[in-house]
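Engineer: Take this structure first; my questions come after.
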Amino acid sequence: ELGDYAHYMLKEIFEQPNSIENAMRGRLDEDEATAKFGGLNLSSQQLRHIDRIVLTACGTSWHAAMVGEYLIEEFARIPVEVEYASELRYRNPPLNDRTMIFAITQSGETADTLAAMRECKRKGHPTLAICNVVGSSIAREADGGVYLHAGSEVGVASTKAFTSQVTVLTLLALFFGRMRHMSWQAGRNIIRELRTMPEHVERTLKCHDVVQEIADKYHRCSNFLYLGRLYNFPVALEGALKLKEISYIHAEGYPAAEMKHGPLALVDENTPSVFIVPKGGIYPKVISNLEEVKARKGPVIAIACEGDDRIADLADDVIYVPETDECLQPLVTSIPLQLLAYHIALLRGCNVDRPRNLAKSVTVE
Ligand code: M6R
């Protein structure tokens, strides 16, 4: 099953051009410039009635939910909340009768996500699953949902499930957007960008050798910071989680501008900061955050767009990714971070596919 790959994690990282394609297959409607789904099990009147969405999940799936929040609010202008399932299940927040819930989960068996979903269902909210494992508990109990079709994910560190979740959330945002404020033209632009995504991801994977060299340079460090803004803030959280779970290095993700409110005190010559700084409106702001770190002698690894000829002078190391629409950047910027965690873990002699203390699906509370 592993083929030529040394580990499942690496295999799953390299499967992403395909898994992203599979998440979109049959779901793009060019004529109507929207997305379509077979299993939402709600009428368009019911869907039109929704005025609030809660996304609930754990771990990496929670990070995908955060990207989803930005996407849905931007495309559809529907207020979205992202809730840790472990909190939501006991928190009892006020949800109105127009609130819809999405439980996001690779395995479909995460105990907290299942419990949060049951609690929302019991209260009568339409409760849908975004899930990978067909026939899993969450998939069966949800009122409806969307499968990822990512294929089985074996590595404990979730990789391809994340990019598939983000893809499905993009489609949902497009769908809700086109029911509300999004124009036909804007919908078509998103579809066009989505269609080129498998190629972009394929090209991103070519950074593998560069990432290996960077891993070699920094694998002995004990602390890392991951910084990004807007759509790349959840990517920073996800990059830090990947590093923590498989290489046992302390890492923290932050929205880059939060640095000056505390984390900047951690910066020194031995604490690398991974800056996710692709092109876009926020670029100059992230660059000034990056310069603040450099001024404190912190090594900087930048994830930047191809053609950015300024960044090499500012950062110690650069990993280039193809340029894409800002709202779709997480699908490319998350990939070098997966590879970086993988190679650092390897160099530290860690068990990449089965890290200590963790299980692939967390079926206990
Ligand atoms: O199967 P799920 O998506 O519900 O799992 C949620 C988390 O347990 C999972 O994403 C975990 O954080 C991963 N090990 C992260 O790589």
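Engineer: Using only C-alpha atoms and all pairs of different ones, pull out the Kirkwood radius for the range 86-154 in Å with one decimal.
Structural biologist: 12.1
Engineer: In degrees from 0 to 90, rounded to the nearest 10, what is the angle of the helix 160-179 Cα long axis to the longest principal axis of the chain?
Structural biologist: 50
Engineer: Now for a different question. Can you list residues from other chains, or at least 5 along the same chain, whose modelled amide H is less than 5 Å from the amide H of V133?
Structural biologist: Amide H neighbours of V133, under 5 Å, 5+ apart: G108.
Engineer: Now for a different question. Provide S86, S107 ordered by accessible surface of protein heavy atoms (probe 1.4 Å), highest first. Walk me through the intermediate numbers first.
Structural biologist: Details: S86 45, S107 15 Å².
Heavy-atom accessible area, descending, gives S86, S107.
Engineer: How many angstrom lie between the Cα centre of the range 128-187 and the Cα centre of the range 214-293?
Structural biologist: 27
Engineer: Hey, another quick one. Pop the C-beta distance of S361 and E74 into the FRET formula with R0 = 30 Å and round what comes out to the nearest 0.05.
Structural biologist: The formula returns an efficiency of 0.45 here.
Engineer: To continue, here is another question. Can you classify the range 65-219 as rounded, prolate or oblate using the Cα gyration tensor, where a ≥ b ≥ c are the square roots of its eigenvalues, rounded means a/c under 1.5, and otherwise it's prolate if a/b beats b/c and oblate if not?
Structural biologist: Note, shape of the range 65-219 comes out oblate.
Engineer: Using Stokes-Einstein with the Kirkwood hydrodynamic radius over Cα pairs, what translational diffusion coefficient do you get for the range 226-365 at 4 °C and a viscosity of 1.567 mPa s, in µm²/s rounded to a whole number?
Structural biologist: 84
Engineer: If packing is taken as the average number of other Cβ atoms within 10 Å across a peptide's residues, how do 250-259, 180-189, 345-354 rank, most packed first?
Structural biologist: Taking the mean over residues of other Cβ atoms within 10 Å, the ranking is 250-259, 345-354, 180-189.
Engineer: List, in the order given, every pair from K217/K294; K242/K360; K206/K294 whose Cα-Cα distance in the structure shown is over 19 Å.
Structural biologist: Check vs 19 Å cut-off fails for K206/K294.
Engineer: Okay, next question. If the only charges are +1 at each Lys and Arg Cβ and -1 at each Asp and Glu Cβ, what is the size of the charge dipole of the range 31-91 around the Cα centre, to the nearest 20 debye?
Structural biologist: 220
Engineer: Give me the percent of DSSP beta bridges within the chain that run antiparallel, rounded to the nearest 5.
Structural biologist: 5
Engineer: I'd like the antiparallel share, as a percent to the nearest 5, of DSSP beta bridges with both residues in the range 1-154.
Structural biologist: 10
Engineer: Considering the alpha-carbon set of the chain alone, what are its Rg and its Dmax in angstrom?
Structural biologist: When restricted to the Cα atoms of the chain, Rg and Dmax are 19.7, 58 Å.
Engineer: So, one more: Would you work out the charge dipole size for the range 209-365 about its Cα centre, treating the Cβ of every Lys and Arg as +1 and the Cβ of every Asp and Glu as -1, and quote it to the nearest 20 debye?
Structural biologist: 540
Engineer: Using only Cα atoms, tell me the angle between helix 184-204 and the longest principal axis of the chain; keep it within 0 to 90° and round to the nearest 10.
Structural biologist: 40
Engineer: Now for a different question. Against the longest principal axis of the chain, how steep is helix 111-122, in degrees 0 to 90 to the nearest 10, with axes from Cα atoms?
Structural biologist: Roughly 30 degrees, rounded to the nearest 10.
Engineer: Relative to the compact-globule scaling 2.2 N^0.38 Å, provide the ratio for the alpha-carbon radius of gyration of the range 177-308.
Structural biologist: Normalised Rg, Cα atoms only: 1.19.
Engineer: Hey, what do the phi angles of the range 223-228 turn into as Karplus ³J(HN,Hα) couplings, whole Hz, using 6.51/-1.76/1.60 and θ = phi - 60°, x for Gly and Pro?
Structural biologist: In residue order, the calculated couplings are 9, 9, 10, 10, 9, x Hz.
Engineer: Residue by residue, what Karplus-based ³J(HN,Hα) values in Hz, rounded to whole numbers, does the range 205-218 have, using 6.51, -1.76 and 1.60 with θ = phi - 60° and x for Gly and Pro?
Structural biologist: Ordered by residue, 3J(HN,Hα) equals 5, 5, 6, 3, 5, 4, 4, 4, 5, 5, 4, 4, 6, 10 Hz.
The values are calculated or read from the model by the stated rules, or taken from the named source; none is laboratory data. Please read all numbers here as calculations on a predicted model, not as lab measurements. With ideal geometry, Cβ positions are generated from the backbone for all residues, glycine too; neighbour counts draw on all protein chains shown. These area figures cover heavy atoms from the full protein model, side chains too; ligands, DNA and RNA do not enter into them. Shrake-Rupley method; radii C 1.70, N 1.55, O 1.52, S 1.80 Å.
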